[in-house]
Structures are given as C-alpha cells and as structure tokens.
Amino acid sequence: MTKDWKKDVFTIPNMLSLFRLVLIPVYAAIYLQAKNETDYFIAAGILAVSCLTDMIDGKIARHFNMISTTGKILDPIADKATQFTMTVCLAVKYPILWTLLGLFVVKESFQLIAGLVTLRKGKMLNGALMSGKISTTFFFVSLILLVLIPEIDPFYLRLITAIDFVALLVAFIDYARVYVTHSSKIEEIPQKAKNNK
C-alpha cells in the first residue's frame, strides 16, 4: 500500500462518511426504544447531524481537492445505509412505508449490480445524478419529520409517502437510463486510482 493510497482513503470527507455509518445503529436503538417526545427529538437530531455531515463532506472534498475514488464509493454507501435504516425503523411504526422500502431496495440493488458491472470494465459513474440528490433530500427531510411527529395525521403520512415514492421512482428511471445507455456520466477510472486499488 502506498502513501498515495493512504491519502486517498484517510481524508476528512471519508472520515465523516464513516462517522455517519457509526451513527446508524445509535439512531436505530434510540428510535425503536423511544417512549416520549425527548427520545424522538434526540433520534431526529442524530439524523440531522448525519444529514449535515453529508453536506459538509462534499463541500470539503470539492473545496480542498479531496475527491477520491474511495470517497465516491463510501459516501453513497453511508447515504443508502442511513436511508434504509431510517425507512425500516419508521415502517415498523407506519406499515405504509414498507412499499417505499420495497422500491428503495429494488433501486439500490439495481444500482449496486450495474455499478459493479461498470467497475469491472474499469469505469464508474461520476458522482450522483441530480434526480438522486433530490430524492435523497426528500427522503431525509420527510423521514426526519416523521420521526419528529410520531402522531402524524394519516393524510400527511400518505402524502409524504407518495412524494418520496415518486421522487425515488424518477431517480430509479434516471439511473437506469444512464447505465443502460452508457451515458457520458460513466467515465473511465483514472489510471492512478486503478494502480492504487
């Protein structure tokens, strides 16, 4: 392992992504055992911190030129693992969200398989698509609201679920289009990154 490899992995953005992964079981434990408003507020606060670090690590990576191949893989893993855990925990309380979780799993499974196939060809998707960023934003904001408002009106629950479902479906279609048509967003992995695997 070279020094360049270490610089690629041990960066501030990557450490923040790892921190978000650590927050996942903490959130799940607090939310699933919540008994009062304070517990739900703490759970929502953990999600807010996760969301904040997600925004910060991207800005740091771009501003200080810390964008790395490792970061391009680790950051979405932290995102998806957090979204999955949030949805599972909330679906235990609100069964309507199991449908949303089903679409999420299908979308992410497709992206994982397509991404691995593309990676074997020495290529990878150059960053998240705008539709994916919008979908992720809707996911975080709406699910944090559901955590903060444990007794939400059924109408608003269905509305939030529908909005998230549509945003997720649009993102799924967009990613499928990019991978199937071999869009210009699919780029060759830099030779330096290949040598440091």
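The modelled label-to-label distance between Asn36 and Ile163, using points 7 Å beyond Cα along the C-beta direction, is 3.1 nm.
Ordered from highest to lowest accessible area with the whole protein assembly present and a 1.4 Å probe, Leu21, Leu97 read as Leu21, Leu97.
Averaged per residue, what accessible area in Å² does segment 6-103 show with a 1.4 Å probe, protein chains only?
Values: 5180 Å² over 98 residues.
Averaged over the residues of segment 6-103, the accessible area is 53 Å².
With a cut-off of 19 Å, note down the residues of segment 126-156 whose backbone N falls inside the zone around a label point 7 Å from the Cα of Ser184 toward its beta carbon. Inside the label zone: 126-131.
A straight chain from Asn65 to Ala176 at 0.36 nm per residue would run longer than the Cα-Cα distance by 37.0 nm. Protein-only accessible surface at a 1.4 angstrom probe places the residues Cys89, Cys51 in the order Cys51, Cys89, largest first. Taking a ≥ b ≥ c as the square roots of the eigenvalues of the alpha carbon gyration tensor, segment 55-181 is prolate, as a/c is not under 1.5 and a/b beats b/c.
What longest region of the chain stays clear of chymotrypsin sites (Phe, Trp or Tyr not before Pro) that DSSP places outside H, G, I, E and B and that have at most 13 other Cβ atoms within 10 Å? Could you put the intermediate results ahead of the total?
Numbers: sites that count: Phe10, Phe64.
Result for the longest clean stretch: 65-197.
For the chain, the share of accessible area belonging to carbon and sulfur comes to 69 percent (1.4 Å probe, ligands and nucleic acids excluded).
Helix-derived [θ] at 222 nm for the chain: sum -39500 (n - 2.57) over DSSP H runs of at least 4, divide by residue count, nearest 500? Display every interim value, and only then the final one.
Working: 8 runs with 155 residues, N = 197.
Value at 222 nm, helices only, nearest 500: -27000 deg cm²/dmol.
Restricting to DSSP loop positions (anything but H, G, I, E, B) with no more than 12 other Cβ atoms inside 10 Å of their own Cβ, which trypsin sites (Lys or Arg not before Pro) remain in segment 54-126?
On the way: sites: Lys59, Arg62, Lys72, Lys80, Lys93, Lys107, Arg120, Lys121, Lys123; in loops: Lys121.
Counting only loop positions with at most 12 other Cβ atoms within 10 Å, the trypsin sites (Lys or Arg not before Pro) in segment 54-126 are Lys121.
With all protein chains in place and ligands, DNA and RNA left out, the 1.4 Å accessible area ranks Val147, Val180, Val141 as Val180, Val141, Val147, largest first. Here the spin labels are modelled as points 7 Å beyond Cα on the Cα-Cβ line, and at Phe19 and Val105 they lie 3.2 nm apart.
Give, as a single signed number, the net charge of other residues whose beta carbon lies under 12 Å from the beta carbon of Tyr27, with Lys and Arg counted +1 and Asp and Glu -1.
On the way: positive: Arg20; negative: Asp39.
Residues near Tyr27 contribute 0 overall.
Were the residues from Phe84 through Trp98 laid out at 0.36 nm apart, the gain over their Cα-Cα distance would be 4.0 nm.
The values are calculated or read from the model by the stated rules, or taken from the named source; none is laboratory data. Given the structure is predicted, the values throughout are model-derived calculations rather than measurements. Quick reminder, even Gly has a Cβ in these numbers, built from the backbone with ideal geometry, and neighbours come from all protein chains shown. With ligands, DNA and RNA removed, areas are computed over all heavy atoms of the protein, side chains included. Shrake-Rupley method; radii C 1.70, N 1.55, O 1.52, S 1.80 Å.
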